[in-house]
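Student: Pasting in a structure now, in structure tokens, and then I'll have a few things to ask.
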Amino acid sequence: MNNSDSFLDRILMTRRHMMGTLAFAAASAIPMVAYAQAASAASSSATAQAIADHFSSVATMQGEFVQFGPRGEQTGGKFYIQRPGKLRFNYDNPSPIRVIADGKNVAIGNMKLKTWDLYPLSKTPLSLLLARRIDLSSGSVRSVKQESDLTTIALGNNTVFGNSTITMMFDPKTYDLRQWTITDNQGKDTSVMVFNVKTGMQFDDKVFRVPYEVIPGTAAYRD
């Protein structure tokens with residue numbers, strides 16, 4: 001073996017040693033990266049659950065809203081929420097629409113036409129917003145996104161709601177609800193931004209009363 005062969009062998013051995021070292025280092029780093037990702041996900045989930053718990057603890061709230069429909073239409077009005085399951089939207093004129101959830105059903109009424117449509121609350125994503133407690137370990141969580149100015153929690157249940165989801169957006173500092181968006185089975189979004197919100201008040205029962213007596217075929221739902 002001449003000197004050039006010996007020199008070449010040393011280079012090849014050094015390269016193999018370096019490649020082996022790099023491969024070992026990369027393999028060793030994988031668990032560390034996975035651990036860091038898992039820790040970050042756990043921290044994100046814990047923060048999201050803390051926000052959800054804060055929102056769930058608010059038994060009653062009222063305020064004003066601006067709603068953006070799937071075709072870009074914009075309406076506003078006043079809203080009322082009483083947990084669990086109760087909600088009322090009074091839209092500003094000239095809109096004749098009222099939305100009332102009484103804990104069992106969601107009724108959408110047109111005051112001008114004097115017509116009402118009725119849906120089981122449990123079959124709409126609103127039931128997640130109005131639940132007594134929003135449990136993010138229940139399997140209904142689609143995603144959690146944390147940003148400096150907003151924490152976004154998307155919820156859904158394919159078995160119950162199909163492709164419909166509700167996405168709630170919270171202030172990461174105060175944990176206050178800022179907006180929610182309902183995406184229907186056709187992928188169309190209806191967003192509601194809330195402001196001038198007050199909490200802790202008491203409502204008269206009639207605020208969330210659905211007028212079953214004027215809705216055909218709903219006698220079985222009457223109190």
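The values are calculated or read from the model by the stated rules, or taken from the named source; none is laboratory data. None of these values were measured; they are calculated from a predicted model. Here Cβ is always computed from backbone atoms with ideal geometry, including for glycine, and neighbour counts include all displayed protein chains.
Student: Yes or no: region 165-179 includes at least one residue that is β-branched (Val, Ile, Thr), surrounded by fewer than 15 Cβ atoms within 10 Å (Cβ to Cβ) and in a loop (DSSP other than H, G, I, E, B).
Tutor: yes
Student: If you check 199, 174, 218, 181, which single one turns out to be over 22 Å from residue 100 (Cβ atoms) and polar (S, T, N, Q)?
Tutor: None of the other options fit; the residue is 174.
Student: Sticking with this one: Return the residues of region 147-161 that are surrounded by 13 or more Cβ atoms within 10 Å (Cβ to Cβ) and assigned to a loop (DSSP other than H, G, I, E, B); say none if nothing qualifies.
Tutor: 150, 157
Student: Okay, moving on. Output the residues belonging to region 86-117 that are in contact with a helix residue (DSSP H, G or I) (Cβ under 8 Å, 6 or more places away or on another chain) and part of a strand (DSSP E or B).
Tutor: Correct list: 86, 87, 88, 100, 101, 102, 105, 106, 116.
Student: Is region 44-62 home to any residue that is farther than 23 Å from residue 209 by Cβ, of a type in the set (D, E, K, R), outside any strand (DSSP E or B) and without any contact (Cβ under 8 Å) to a residue 40 or more places away in the chain?
Tutor: No, region 44-62 contains no residue that is farther than 23 Å from residue 209 by Cβ, of a type in the set (D, E, K, R), outside any strand (DSSP E or B) and without any contact (Cβ under 8 Å) to a residue 40 or more places away in the chain.
Student: Also, I was wondering about something else. Check region 67-85 and report whether any residue there is in a strand (DSSP E or B), at pLDDT 90 or above and among the acidic types (Asp, Glu).
Tutor: No, every residue in region 67-85 fails to be in a strand (DSSP E or B), at pLDDT 90 or above and among the acidic types (Asp, Glu).
Student: Consider only pairs whose beta carbons are under 8 Å apart and that are at least six residues apart or on different chains; among these, list those whose first residue lies in region 181-196 and is in contact (Cβ under 8 Å) with a residue 40 or more places away in the chain and over 15 Å from residue 154 (Cβ atoms) and whose second residue is surrounded by 14 or more Cβ atoms within 10 Å (Cβ to Cβ) and of a type in the set (D, E, K, R).
Tutor: 193/178; 194/64; 194/178; 195/64; 196/64
Student: Also: Given the criteria over 17 Å from the mean Cα position of the chain (by Cα), closer than 22 Å to residue 66 by Cβ and either aliphatic (A, V, I, L, M) or part of a loop (DSSP other than H, G, I, E, B) (or both), does residue 197 qualify?
Tutor: So residue 197 passes the test.
Student: Test residue 124 against the criterion of being surrounded by 15 or more Cβ atoms within 10 Å (Cβ to Cβ), among the β-branched types (Val, Ile, Thr) and more than 20 Å from residue 161 (Cβ to Cβ), and give yes or no.
Tutor: no
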